[in-house]
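The values are calculated or read from the model by the stated rules, or taken from the named source; none is laboratory data. Bear in mind the structure is a predicted one, so any value in this text is a computation, not a measurement. We place every Cβ from the backbone using ideal geometry, glycine too, and count neighbours over all the protein chains shown. Just so you know, the surface numbers come from the protein's heavy atoms only, side chains and all, with ligands and any DNA or RNA stripped out. Shrake-Rupley method; radii C 1.70, N 1.55, O 1.52, S 1.80 Å.
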Amino acid sequence: MEVTRKNFKETLPLISASIDKADFLVIDTEFTGLINGRDVSIFDTPQEYYTTLLNGASDFLLIQYGLCAFYWDDLEKNYKNDAYNFYLFPRGRPGPEKMFLCQSSSLDFLASQGFDFNKLIKEGISYMTEPIETRLRENLTERQNRILNSENDAITIPEEHRNQIEDICKKVREFLKDGTEEEIEIDKCNAFVRRLLFQELGSRFKNEAFVETKVLENKDRVLKVSRLTSPNDSKARDTQKKEKEWEEFEDAVGFSKVARMISQSEKLVIGHNMLLDLLHTLNHFFQPLPSDYESFKEFAHCMFPRLLDTKYLSSLPPFKDKVNSSVLHHLLTTLSEPPFSLSKVECAAGRGYTRSDAKAHEAGYDAYVTGLCFLAMQAHLARMRGESCARVPAPDSPLLKPFLNKLFLSRTAHQDSPYINLTGPEPTPARDHVFHLTFPKDWQRNDINHLFSAFGQITVQFLDETSALVALTRRDLAKTVTRAFASNNRISIVPYVKYKLLTSKPGSQHHTDRREESSEKHMKYSTDNALARRGIVSESNAPRSPEKSRERSNSVSLTETQKARKRSSSGVFKIEEVTPPPPKKADLINKSDQTRNTTEVISNGRRKHKDCAKETPAEKRKETATEKRKETTEKRKDISIEKRKETNNVVKRFDSDSKVECVTAFKEIDNWD
């Protein structure tokens, strides 16, 4: 059923009844964009993943909401559905103006799927958060209780408006004397003049006329003056005016009522790849999302205590090995064939969907398809356990509990952190095998493959034109990476943990150094693959711009496993754990002698001269900070020289003609769906 502002009020009781009788609810949403700022990294932790998506959920608009209620029919022993497809558009009055961003790729995708943007803007249902609703409700109550015609609120009529006000008052007097018409409209005037007219007409014709604002079809506002038939008529009109204001206010609250019905029902709420759906639902209908990750988890679980993500469910055994693509409509096709089977789900005429409707990427229909996929997967699990698969068990049953309140993270799914757990901790994978690489702008993917050819398989995610994240498949070789490239002046390589620490501090030396190297080496994350998430297949090897021939994407590609090469007598590389040679004894002896000739260290860490016994206490205090700094500087230089010698002894040359492909950790076809 399609729901707009025209039929929302009459449909609301039907929606409430559908929620009450449902065994479970399924939601789906469409937005004006996905990500504002840097894209999600495949190495992000769940907390970093949430922080990255936070801006998008706040800045983009939620424009379509699908709700499908699945309820059990005891007579026919199968499920039926009531589905609703809501067009949503927040309006400025009586609520606040809503500023939002649009992402061209998302709007282009929606347009290609037949989305009606005219219907969205003209007939979209308004909504607001709970704090805004509370504030506006209090303001309206206060304004209605205020005595508008009190002497304290009276405004002195400016001289330039006096003639205009008097002419209109004469016109109203003639209208009341004539008695042939029931109402008249005052000519268009600005808001200040309307305020003056409310004051003057209300005081001069208090028991004869009723003054109110009328909004025309073109949104212009005019004053309407109507004749009063009795003193009680004035009170009735005033009551009617207040009721109309409250009615407009409730219309502005709009769809937020439905979202709160879903929350208050505490029913099992299902979605497919539903993290963004949840973020937008919380942010637009309840309260602004918190920046703190743990607060978000607590907030989300409080509003929706039972969530299930079919994308997460399909990523686990026994479905993982049987599902080639977890894109929603691809998943439906897979679950339609053995060893799976789709349940028969019907609907009353005009109240839901059937499979023959085929309205892909309409939020209500996608919610219906998600429900079908869930029924097929839970039935398969039930058969494996030897249980009845007809009706869905309770959410806290052993069948569903392992999948409850876990939200799938598509981008990091193959990097050991595949979900957000709203009710507990998530996996915390090590990143010792991941490095941040800065390289010349003219490098291509093959250059990075060539650079790491001796380390075996690698996973690459480009961040911009001069930097990327590189992960080794052979984690045991991670300790040798920084030493191997220490003498390479064309690149800079930093362990992932250190890189994250540096980038978390905008004023850090890391950022300063990179700005000095080149203005083109700023960290600028691409949002090229931020496409609308329902079934989009990205061109992972598309050029980043017409003038660039290099092929890159923010994803990584799949290749066959290739063994790490070793250097032999024929010139092939060999990777080994090389222990740096010990410092020469002569150097250590010379350093030791030089140190003893000047100072020695006592137990409390302070230095004293060898002949300090001859010095007085006053002379001991004459050791200046300058002398200490000189000693420290000299020692640092010695240590630096020794380290460079050791590095040069370990690796003098690290190149090869051999190449290695990249390993797939993530397919772009599954970006957001």
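Kindly establish whether SER341 is open to solvent by less than 50 Å² (accessible area, probe 1.4 Å), out of contact with any Gly (no Cβ under 7 Å at 6 or more places or on another chain) and at pLDDT 90 or above. Outline the logic, then answer.
Working: open to solvent by less than 50 Å² (accessible area, probe 1.4 Å): no; out of contact with any Gly (no Cβ under 7 Å at 6 or more places or on another chain): yes; at pLDDT 90 or above: yes.
So SER341 does not fit the description; no.
The condition (being over 30 Å from LEU289 (Cβ atoms), within 53 Å of the chain's Cα centre (by Cα) and in a loop (DSSP other than H, G, I, E, B)) is satisfied by just one residue among LYS188, LYS206, LYS214: LYS188.
Every listed requirement among (1) farther than 23 Å from GLU248 by Cβ; (2) not in a loop (DSSP other than H, G, I, E, B) is met by ARG194 save one, (1).
Among the residues of region 61-85, the ones that are assigned to a strand (DSSP E or B), open to solvent by 10 Å² or more (accessible area, probe 1.4 Å) and either within 16 Å of ARG355 (Cα to Cα) or aliphatic (A, V, I, L, M) (or both) come to 2 in all. Looking at region 424-444 only, could you name the residues that are within 26 Å of the chain's Cα centre (by Cα) and not in a strand (DSSP E or B)? Within region 424-444, GLY424, PRO425, GLU426, PRO427, THR428, PRO429, ALA430, ARG431 qualify. The set of residues in region 217-254 that are in contact with an Asp or Glu (Cβ under 8 Å, 6 or more places away or on another chain), open to solvent by less than 50 Å² (accessible area, probe 1.4 Å) and in a helix (DSSP H, G or I) contains only VAL253.
So in region 14-30, with the set limited to residues that are in contact (Cβ under 8 Å) with a residue 60 or more places away in the chain and small (Gly, Ala, Ser), which one is surrounded by the fewest Cβ atoms within 10 Å (Cβ to Cβ)? Filtering region 14-30 for residues that are in contact (Cβ under 8 Å) with a residue 60 or more places away in the chain and small (Gly, Ala, Ser), the one surrounded by the fewest Cβ atoms within 10 Å (Cβ to Cβ) comes out as SER16.
Of all the residues in region 401-418, those that are at pLDDT 95 or above and of a type in the set (Ser, Thr, Tyr) number 0. Which pairs have Cβ atoms under 9 Å, sit 6 or more apart or on different chains, and link a residue in region 281-298 that is over 19 Å from GLU48 (Cβ atoms) and open to solvent by 10 Å² or more (accessible area, probe 1.4 Å) to one that is in a helix (DSSP H, G or I) and of a type in the set (Asp, Glu)? So the pair list comes out as GLN287/GLU130. Among the residues of region 344-383, those identified as at pLDDT 90 or above, more than 24 Å from LEU14 (Cβ to Cβ) and not charged (D, E, K, R) are CYS373, ALA376, MET377, GLN378, ALA379, HIS380, LEU381, ALA382. The condition of being more than 30 Å from THR45 (Cα to Cα), touching a helix residue (DSSP H, G or I) at 6+ places or on another chain (Cβ under 6 Å) and open to solvent by 20 Å² or more (accessible area, probe 1.4 Å) holds for only one of MET303, MET261, that being MET261. Only one of the numbered conditions (1) touching a residue at least 40 places away in the same chain (Cβ under 8 Å); (2) open to solvent by 10 Å² or more (accessible area, probe 1.4 Å); (3) farther than 25 Å from LEU400 by Cβ; (4) part of a helix (DSSP H, G or I) is violated by THR11, and that is (2). Would you be able to say whether some residue in region 5-17 is within 25 Å of THR134 (Cα to Cα), in contact with a Phe, Trp or Tyr (Cβ under 9 Å, 6 or more places away or on another chain) and basic (Lys, Arg)? Within region 5-17, one or more residues are within 25 Å of THR134 (Cα to Cα), in contact with a Phe, Trp or Tyr (Cβ under 9 Å, 6 or more places away or on another chain) and basic (Lys, Arg). Look at region 34-46: where a residue is closer than 17 Å to ILE458 by Cα and assigned to a loop (DSSP other than H, G, I, E, B) and a partner is among the charged types (D, E, K, R) and open to solvent by less than 10 Å² (accessible area, probe 1.4 Å), sitting 6+ places away or on another chain with Cβ atoms under 8 Å, you get SER41/ARG411; ILE42/ARG411.
Residue count for region 21-39, restricted to those that are out of contact with any helix residue (DSSP H, G or I) (no Cβ under 9 Å at 6 or more places or on another chain) and over 15 Å from GLY271 (Cα atoms): 1.
Of all residues in region 342-376, those satisfying the criterion of being touching a residue at least 12 places away in the same chain (Cβ under 8 Å), part of a loop (DSSP other than H, G, I, E, B) and over 18 Å from LYS311 (Cα atoms) are SER343, LYS344, CYS347, ALA348, GLY350, ARG351, GLY352, TYR353, ARG355, GLU362.
Do the conditions hold for LEU316, that is, is it among the aliphatic types (A, V, I, L, M), open to solvent by 10 Å² or more (accessible area, probe 1.4 Å), under 21 Å from VAL392 (Cα atoms) and in contact (Cβ under 8 Å) with a residue 40 or more places away in the chain? Yes.
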